[in-house]
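See below for the structure under consideration.
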Amino acid sequence: MNDNKDVLDKGPFFHGTKVELKIGELLEPQHLSNYQDKKSNYIYFTATLDAAKWGAELAKSKSKERIYMVEPLGDFENDPNVTDKKFPGNPTRSYRSKSPLKIIAELKSWERHSDEEINHMLTSLKKLREQGKAIIYD
């Protein structure tokens, strides 16, 4: 548990993915990213269900979308990919850590974004990649 008195956010925290995990398992950095073809230096999570849904819906895989409630086991920081680049002030409450996240529960029922919203986001991301602007600062 993050005992830092100046903690950025008290949660609860979520991680959206298409990987099947068990309660008590740890999510750790240095695994293949859900969004690019490289190992990630951080593990990413959010305190908003909406951002977690995007994480699950956009992850590279044909597997079932999942959202887990997670507990950060160390310090974490604002995710500069959204806070500095897209949403100053971190309204998405998106974070990253080099310490593990512990799976504490799985949300079994949640409402997906509409197919239209997902397709629009995928088209926007494809356009960014084609323009060389789909950079993840990791």
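So that you can scan it fast, the table gives a plain yes or no per residue for (1) among the small types (Gly, Ala, Ser); (2) under 18 Å from Glu71 (Cα atoms); (3) modelled with pLDDT of 95 or more:
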residue: Gly11; (1), (2), (3): yes, yes, no
residue: Gly24; (1), (2), (3): yes, yes, yes
residue: Asp37; (1), (2), (3): no, no, no
residue: Tyr42; (1), (2), (3): no, yes, no
residue: Thr48; (1), (2), (3): no, yes, no
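It is to be established whether one or more residues within the range 83-93 are modelled with pLDDT of 90 or more and either surrounded by 15 or more Cβ atoms within 10 Å (Cβ to Cβ) or closer than 16 Å to Ala47 by Cβ (or both). Within the range 83-93 (the criterion being modelled with pLDDT of 90 or more and either surrounded by 15 or more Cβ atoms within 10 Å (Cβ to Cβ) or closer than 16 Å to Ala47 by Cβ (or both)), the answer is yes, since at least one residue qualifies. Glu28 passes every criterion in (1) among the charged types (D, E, K, R); (2) out of contact with any Pro (no Cβ under 8 Å at 6 or more places or on another chain); (3) at pLDDT below 90 apart from (2). Just one of the numbered conditions (1) free of Cβ contacts under 8 Å to residues at least 60 places away in the same chain; (2) out of contact with any helix residue (DSSP H, G or I) (no Cβ under 8 Å at 6 or more places or on another chain); (3) exposed (fewer than 15 other Cβ atoms within 10 Å of the Cβ) is not true of Arg112: (2).
The values are calculated or read from the model by the stated rules, or taken from the named source; none is laboratory data. Keep in mind the model is a prediction, meaning the values are calculated, not measured. A quick note on method: Cβ atoms are made from the backbone with ideal geometry, for glycine too, and the neighbour counts reach across all protein chains shown.
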